[in-house]
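Trainee: I am attaching a structure below and will ask some questions about it afterwards.
Readers should treat all values here as calculations from the given coordinates under stated rules, not as data from a laboratory. What you see is a predicted model, and the numbers here were worked out from it, not measured in a lab. So basically every Cβ, Gly included, is an ideal-geometry build from the backbone, and we count neighbours across all protein chains shown.
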Amino acid sequence: MRNSLLTATALGAAIAVSALTAPGAVAKTVQGKIASIGDDARTVTINKRAYRVDDGAKVLVSGKPGSFDDLKPGMNCKATVAYNSQAKTLTCTGRGSDKR
């Protein structure tokens, strides 16, 4: 019985670790100002690090649904980022600058 419990516990831990490291798994939240927008690669640079923003990313600008095209340098953003530097959600405020 004890060995079965230990095996089940180890198996559960292994599944939890693999879920956190699987492609698309959420790894962290990043917060800061957008320094630049990469139009060709669809990236935003926050805190000197570029994050890819795909078409399926959820974007909120000042509490309203938005898109990648609504993002501007200078906006304050909170991004949920997967381990592969893929931004899954972006919640941004501020007007930002029209400069890209």
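Trainee: With +1 on each Lys and Arg Cβ and -1 on each Asp and Glu Cβ, and nothing else charged, work out how big the dipole of the stretch 26-93 is about its Cα centre, in Debye to the nearest 20.
Mentor: On the way: 11 positive and 6 negative charges, 75 e Å.
The calculation lands at about 360 debye.
Trainee: How would the stretch 26-93 be classified by its alpha-carbon gyration tensor: rounded, prolate or oblate, with rounded meaning a/c under 1.5 and the a/b versus b/c comparison settling the rest?
Mentor: Working: a/c = 1.21, a/b = 1.14, b/c = 1.06.
Rounded, because the longest to shortest axis ratio a/c is under 1.5.
Trainee: From the phi of every residue in the stretch 59-74, what ³J(HN,Hα) in whole Hz does the Karplus formula 6.51 cos²θ - 1.76 cosθ + 1.60 yield, where θ is phi - 60° and glycine or proline is x?
Mentor: Result, ordered by residue: 10, 10, 10, 6, x, 10, x, x, 9, 3, 5, 7, 6, 9, x, x Hz.
Trainee: Here is a further query. What is the calculated FRET efficiency for Ser62 to Thr89, with r their C-beta to C-beta distance and R₀ = 25 Å, to the nearest 0.05? Before the final figure, lay out each step's value.
Mentor: Details: r = 15 Å, r/R0 = 0.60.
For Ser62 and Thr89, the calculated efficiency is 0.95.
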